[in-house]
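Undergrad: Sharing a structure here in structure tokens format.
The values are calculated or read from the model by the stated rules, or taken from the named source; none is laboratory data. Values in this document were obtained by computation on a predicted structure and should not be read as measured data. Backbone-built Cβ (ideal geometry, glycine too); neighbour counts: all protein chains shown.
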């Protein structure tokens with residue numbers, strides 16, 4: 001039996017409380033995620049899925065509940081401190097990197113995350129050689145462009161590099177927030193294939209947010225379906241293998257019907 005890497009207990013979050021604009025995106029999220037699990041977090045707009053990732057990353061303070069990562073309570077940890085343990089890739093290919101800096105400079109910053117070292121140390125010959133090897137495996141022709149500004153790359157190229165940066169130090173938790181939603185279909189498929197390979201090779205504990213039913217069926221080993229700030233369904237490995245897109249659509253349709261009847 002695998003040890004638990006991430007424990008969430010009754011996570012609650014309300015924005016603009018007691019006003020006309022009050023929103024409750026998280027209404028008691030309780031989950032246990034095993035070490036090395038690849039969990040798909042599925043939901044429509046407003047379901048709370050991206051807010052959940054923000055809560056884990058420390059983008060805001062939760063109202064109540066408890067977040068434990070590898071046995072450590074993250075309650076008083078800042079977003080910066082959590083970044084040493086948590087890797088993240090955003091939907092926008094231009095988030096999470098410094099556009100005007102070179103590919104090598106961006107990786108130098110990623111390599112020193114959580115370390116009290118300067119850029120000069122991280123930007124060593126060893127890093128350049130290792131980076132060339134890793135980037136060559138992408139088969140995007142970028143291994144000889146390490147000194148080029150990362151902002152000049154295509155969205156797919158940049159997102160592939162961002163994924164490598166987020167996993168360079170093998171984080172305890174990888175958060176993927178609809179990281180292929182802004183890409184064209186071909187680039188999205190390339191990045192998803194890379195995602196699956198990187199997660200499997202490093203045995204990373206991963207939460208991948210998506211609104212795509214097809215991605216939910218095709219990737220990962222567990223589906224957590226969210227609706228209205230709550231966990232609607234939690235499909236484990238055996239259940240997930242039997243699911244089709246139509247099954248997931250039916251779950252959402254039933255949830256909307258129940259909501260309307262209430």
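Undergrad: What's the total number of residues in region 96-112 that are touching a residue at least 40 places away in the same chain (Cβ under 8 Å) and assigned to a loop (DSSP other than H, G, I, E, B)?
TA: Residues flagged as touching a residue at least 40 places away in the same chain (Cβ under 8 Å) and assigned to a loop (DSSP other than H, G, I, E, B) within region 96-112 amount to 6.
Undergrad: May I ask you to list pairs of residues, at least six apart or on different chains, whose Cβ atoms are under 8 Å apart, with the first in region 140-154 being closer than 9 Å to residue 102 by Cβ and the second being part of a loop (DSSP other than H, G, I, E, B)?
TA: Pairs found: 149/99; 149/100; 149/101; 150/97; 150/98; 150/99; 150/101.
Undergrad: Within region 31-42, does at least one residue satisfy the condition of being part of a strand (DSSP E or B) and more than 22 Å from residue 86 (Cβ to Cβ)? Break it down stepwise before answering.
TA: Initial filter on region 31-42 (part of a strand (DSSP E or B)): 31-34, 38-42.
Then drop every residue that is not more than 22 Å from residue 86 (Cβ to Cβ), which leaves none.
No, region 31-42 contains no residue that is part of a strand (DSSP E or B) and more than 22 Å from residue 86 (Cβ to Cβ).
Undergrad: Residues that are assigned to a strand (DSSP E or B) and at pLDDT 95 or above: does region 46-65 have at least one?
TA: Taking every residue of region 46-65 in turn, at least one turns out to be assigned to a strand (DSSP E or B) and at pLDDT 95 or above.
Undergrad: Shifting gears a bit: Checking the conditions here, which among 210, 206, 180 is within 20 Å of residue 139 (Cα to Cα) and either crowded, with 20+ Cβ neighbours inside 10 Å or free of Cβ contacts under 8 Å to residues at least 24 places away in the same chain (or both)?
TA: One residue alone meets the criteria, 180.
Undergrad: Just wondering, is there one or more residues in region 6-22 that are surrounded by 15 or more Cβ atoms within 10 Å (Cβ to Cβ) and without any contact (Cβ under 8 Å) to a residue 12 or more places away in the chain?
TA: Looking through region 6-22, none of the residues is surrounded by 15 or more Cβ atoms within 10 Å (Cβ to Cβ) and without any contact (Cβ under 8 Å) to a residue 12 or more places away in the chain.
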